[in-house]
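Some notes on the structure that comes next.
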Amino acid sequence: MSFIYGILPGVLIAFGMGGGTLLIYILNMFENFTQQKIQYINLWSYIFCAAITIYGYNKKKQIDFKIMKVFLPFAVISCLISSYISKSINSKSLKKYFGYFLIALGIWQLFQIIIKYIKSKRVKNK
């Protein structure tokens, strides 16, 4: 069954379209895992897909490693801090906080789309 759960999210992750969120939802709905275990599974699937994606983009010379060297240390540090914090939060609260995060992220992305649409309309009207 795990193979089936991973197909669609894996494809979406490879295209950069939020497959990890779908994987978390699927595992949350159909498996009796703690939120920490679900996020652990999601992290490993993301790392695997990210490695393949980086390989593909690097092969086409589409990665700026200078910028990556600047942001990578901050990403690693924030991951370590977040991991430490998530261990101290119970699974039920973690699910709730993750849900709030997804709602906030969705609202932010919606506003970004609206702003981009308004700007494109202004450019066309000039």
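The values are calculated or read from the model by the stated rules, or taken from the named source; none is laboratory data. All of these numbers come straight from a predicted model, not from anything done at the bench. Note that each Cβ is placed from the backbone with ideal geometry, even for glycine, and that neighbours are counted across all protein chains shown. The area values use the complete protein model at the heavy-atom level, side chains included, leaving out ligands, DNA and RNA. Shrake-Rupley method; radii C 1.70, N 1.55, O 1.52, S 1.80 Å.
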- About its Cα centre, the chain carries a charge dipole, from +1 on Lys and Arg Cβ atoms and -1 on Asp and Glu Cβ atoms, whose size in debye to the nearest 20 is 760 debye
- Helix-only CD estimate at 222 nm, as mean residue ellipticity for the chain, using -39500 (n - 2.57) per DSSP H run (n ≥ 4): -30000 deg cm²/dmol
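Roughly to the nearest percent, how much of the accessible area of the chain is carbon and sulfur, given a 1.4 Å probe? Before the final figure, lay out the partial values.
Numbers: 7460 of 10600 Å².
Summing carbon and sulfur atoms, their accessible area is 70 percent of the total for the chain.
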- Do you know the relative contact order of the chain, to the nearest whole percent, from alpha carbon pairs under 8 angstrom that are 6+ apart? 19 percent
- Message: Let me cross-check SER82: its accessible surface, 1.4 Å probe, with only protein heavy atoms counted, in Å² to the nearest 10?
- Response: 70 Å²
- Note on the structure: With all protein chains in place and a 1.4 Å probe, SER91 shows an accessible area in Å² (nearest 10) of 30 Å²
- Item | CYS79, CYS49, reordered so the largest accessible area comes first (probe 1.4 Å) | CYS79, CYS49
- With all protein chains present, calculate the accessible area of MET68 using a 1.4 Å probe and round the result to the nearest 10 Å². 70 Å²
- Query: Where in segment 38-94 are there trypsin sites (Lys or Arg not before Pro) that are in a DSSP coil and have at most 12 other Cβ atoms within 10 angstrom of their Cβ?
  - Reply: LYS60, LYS61
- Checked the chain with the C-alpha gyration tensor, a ≥ b ≥ c its square-rooted eigenvalues, rounded below a/c of 1.5, otherwise prolate if a/b is larger than b/c and oblate if not; verdict prolate
- Query: Per residue, how much accessible area does the chain have with a 1.4 Å probe, in Å²?
  - Reply: 84 Å²
- Roughly speaking, what is the stretch gain from ILE85 to LYS59, that is 0.36 nm per residue apart minus the C-alpha to C-alpha distance, in nm to one decimal? 5.7 nm
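State which helices in the chain qualify, where a helix is a whole DSSP H run, it must extend 27 Å or more along its own axis by its Cα atoms, and its mean Kyte-Doolittle hydropathy must be at least 0.5.
Span-like helices, by this rule, are 65-87.
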- Task: Pull out the extension gain between THR34 and ILE47, defined as 0.36 nm times the separation in residues minus the alpha carbon to alpha carbon distance; nm, one decimal.
- Result: 2.7 nm
- Query: Which length gain, in nm to one decimal place, applies between ILE113 and VAL11 when the Cα-Cα distance is subtracted from 0.36 nm times their residue separation?
  - Reply: 34.4 nm
- Item | Percent of Cα-Cα distances greater than 13 Å, calculated over segment 63-126 | 76 percent
- For segment 2-126, with the dipole built from +1 on Lys and Arg beta-carbon atoms and -1 on Asp and Glu ones, taken about the Cα centre, which of ILE54, VAL123, GLY6 lies farthest toward the positive end? VAL123
